[in-house]
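Engineer: If you scroll down you'll find the structure; I have some questions about it.
The values are calculated or read from the model by the stated rules, or taken from the named source; none is laboratory data. Not measured: the values here are computed from a predicted model. So basically every Cβ, Gly included, is an ideal-geometry build from the backbone, and we count neighbours across all protein chains shown.
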Amino acid sequence: MIRFFRHYVPTRMVLLMIVEFLLLYFVGIYTAEHFGQYDPADPFVAQAAPYKPWLLATSMTLLISMFGLYDWEWTKGVRSLLARVLVCFLLGGLIMELGGALLPGLFAVGQELQMAVFIAGLSVIAIRLLFIQWGSVGAFKKRVLVLGSGSRAAKVEEMIAAGQTHGLNIVGYLPAGGTHHYVANDRLIEESGSLCDVVDRYDIEEVVVAVRERRGGGLPLADLLECKLRGTTILDLPAFFERQTGVLPLFSMNASWLIFAEGFQQGMMRDLVKRVFDLTVSFLLMIATLPLLLITAMLIRLESRGPIFYTQTRVGQYGEEFTIFKFRSMFTDAEKDGLPQWARKNDDRTTRVGRLIRRVRIDELPQLFNVFLGQMSFVGPRPERPYFVNELATQIPYYNSRHSVKPGITGWAQVRFTYGASIEDAMEKLQYDLYYVKNHSLFLDLMILLQTAQVVVSGKGAH
């Protein structure tokens, strides 16, 4: 893993992105030289020509990101890979065709564009098939030993089953004094000699500490220190989960870990950059989406009686309450008994227009006003209603920690966790929110916005 601004990015995915970007750049050069048709008398074309390959590589790399082709999901099968690449490059071709009609000097057109899309698409598929093959070779995986065999160590086995240990080879589990094991016996490593002897014997590069009881000799501190001084990476379980899954696991955290852990930083410069970004983009989007806002408002009014907008009190930064704006997607008697209710998947309280605008997230567009007013940001934990906040804060530890940053229209939990409609789901989402609160940066915000575009395109998590 490579860490950019406190956010972990898989090393192999970074290398894949670099290779594909360079490939797209050289495809742009090749197709421009062999299939490009230009008017030599047009000075703009001559000046813009050097930028065409860069524009092709940049735009297609962004589209590839938006279609989730730099996530691990596409590695699950060739059909998923082919479908994503096909749709991605067809859409990219249409976008560049439109750009070429407006600015033919900057965008490829005609046969040049067709050959660029065709060659680049085939090359990307070939590279990724090689990438899948490379990823299955154990020699390229980091060898990891888990210290402990109890319930916490069993969570690592669950990660393996869920496909969340990419790039790692979990060699086995070394018991640390416990008599009851929660992992299969064939996964246990027989203790022979010191921890460093085991590390040397199995060529271990990283040790993950998954021991619950660390007092009274339960944790071999001297051995761990010796291994660390020899160059072996030592990680505790929360840091391991944070790196591999993008969550802070509630089951293995405590207050002292949160206090002393790196991150959870706020700063005037960070707040200023984020506020300028929010103001600029929200203003531009309100202007750009005005026709869509008017059409949506008309459809809501035509289908059912009631207000076009739905307002609700939500809890914002530092626990301050504010009024959120959304397009009304439910019938006006959705909470006729007077008690707040969780939104449900395939909720029968939604109107036909409501189901449509929820699927493509149009119902969230009025929240641009909340962003412009400074009550929300584009990226952050989703704001909840005071009723649910009071309920959840009494049942879920550290729940109010998510209120240390501004709530957002989209967030890390929204793009990583598909749906939430219960206290159990709220606990799962909190683990993603805590990761964002700990590691938030402009880089992570941009990544979340790219993944949000993917969620909108795929309809993933709509309810």
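Engineer: What is the one condition in (1) out of contact with any Ser or Thr (no Cβ under 6 Å at 6 or more places or on another chain); (2) at pLDDT below 90; (3) crowded, with 19+ Cβ neighbours inside 10 Å that residue 436 does not satisfy?
Structural biologist: Of everything listed in (1) out of contact with any Ser or Thr (no Cβ under 6 Å at 6 or more places or on another chain); (2) at pLDDT below 90; (3) crowded, with 19+ Cβ neighbours inside 10 Å, residue 436 misses just condition (2).
Engineer: Evaluate region 249-259: report whether one residue or more is among the small types (Gly, Ala, Ser) and in the same structural domain as residue 174 (by TED's automatic domain parsing).
Structural biologist: no
Engineer: Scan region 197-208 for residues that are surrounded by 20 or more Cβ atoms within 10 Å (Cβ to Cβ) and over 11 Å from residue 144 (Cα atoms) and report the count.
Structural biologist: Qualifying residue count, region 197-208: 1.
Engineer: Spot the failing condition for residue 131; the list is (1) loosely packed, with under 14 Cβ neighbours inside 10 Å; (2) at pLDDT below 90, and only one is missed.
Structural biologist: In the conditions (1) loosely packed, with under 14 Cβ neighbours inside 10 Å; (2) at pLDDT below 90, residue 131 misses (1) alone.
Engineer: Taking region 86-136 on its own, how many of its residues are more than 19 Å from residue 32 (Cβ to Cβ) and in contact with a Phe, Trp or Tyr (Cβ under 8 Å, 6 or more places away or on another chain)?
Structural biologist: Of region 86-136, the ones more than 19 Å from residue 32 (Cβ to Cβ) are 86-88, 90-91, 94, 125-136.
Applying the additional criterion that residues be in contact with a Phe, Trp or Tyr (Cβ under 8 Å, 6 or more places away or on another chain) yields 87-88, 128, 134.
Result for region 86-136: 4.
Engineer: Something else now. Somewhere in region 244-267, is a residue surrounded by 18 or more Cβ atoms within 10 Å (Cβ to Cβ), modelled with pLDDT of 90 or more and touching a strand residue (DSSP E or B) at 6+ places or on another chain (Cβ under 7 Å)?
Structural biologist: Checked region 244-267: no residue is surrounded by 18 or more Cβ atoms within 10 Å (Cβ to Cβ), modelled with pLDDT of 90 or more and touching a strand residue (DSSP E or B) at 6+ places or on another chain (Cβ under 7 Å).
Engineer: I'd like the residue in region 370-393 that is free of Cβ contacts under 8 Å to residues at least 12 places away in the same chain and aliphatic (A, V, I, L, M) and, out of all such residues, is surrounded by the fewest Cβ atoms within 10 Å (Cβ to Cβ).
Structural biologist: 373
Results for (1) more than 21 Å from the chain's Cα centre (by Cα); (2) hydrophobic (A, V, I, L, M, F, W, C), shown as yes or no for each residue.
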| position | (1), (2) |
| --- | --- |
| 54 | yes, yes |
| 59 | no, no |
| 64 | no, yes |
| 90 | yes, yes |
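Engineer: From the set of residues in region 302-320 that are touching an Asp or Glu at 6+ places or on another chain (Cβ under 9 Å) and β-branched (Val, Ile, Thr), which is surrounded by the most Cβ atoms within 10 Å (Cβ to Cβ)?
Structural biologist: Checked region 302-320; the qualifying residue surrounded by the most Cβ atoms within 10 Å (Cβ to Cβ) is 315.
Engineer: Being more than 27 Å from the chain's Cα centre (by Cα) and assigned by TED's automatic domain parsing to the domain that holds residue 415 is true for just one of 325, 277, 283, 309. Which residue is that?
Structural biologist: Of the residues listed, the single one that is more than 27 Å from the chain's Cα centre (by Cα) and assigned by TED's automatic domain parsing to the domain that holds residue 415 is 309.
Engineer: Quick check on this structure: which one of 299, 293, 279 is within 30 Å of residue 439 (Cβ to Cβ) and surrounded by 13 or more Cβ atoms within 10 Å (Cβ to Cβ)? Don't jump to the end; show me each part of the working.
Structural biologist: Values: 299 fails: within 30 Å of residue 439 (Cβ to Cβ); 293 fails: within 30 Å of residue 439 (Cβ to Cβ).
None of the other options fit; the residue is 279.
Engineer: Yes or no: residue 286 of a type in the set (A, V, I, L, M) and at pLDDT below 90?
Structural biologist: no
Engineer: While we're on this one: Kindly provide the set of residues from region 439-460 that are assigned to a helix (DSSP H, G or I), over 11 Å from the mean Cα position of the chain (by Cα) and modelled with pLDDT of 85 or more, ordered by number.
Structural biologist: 439, 442, 443
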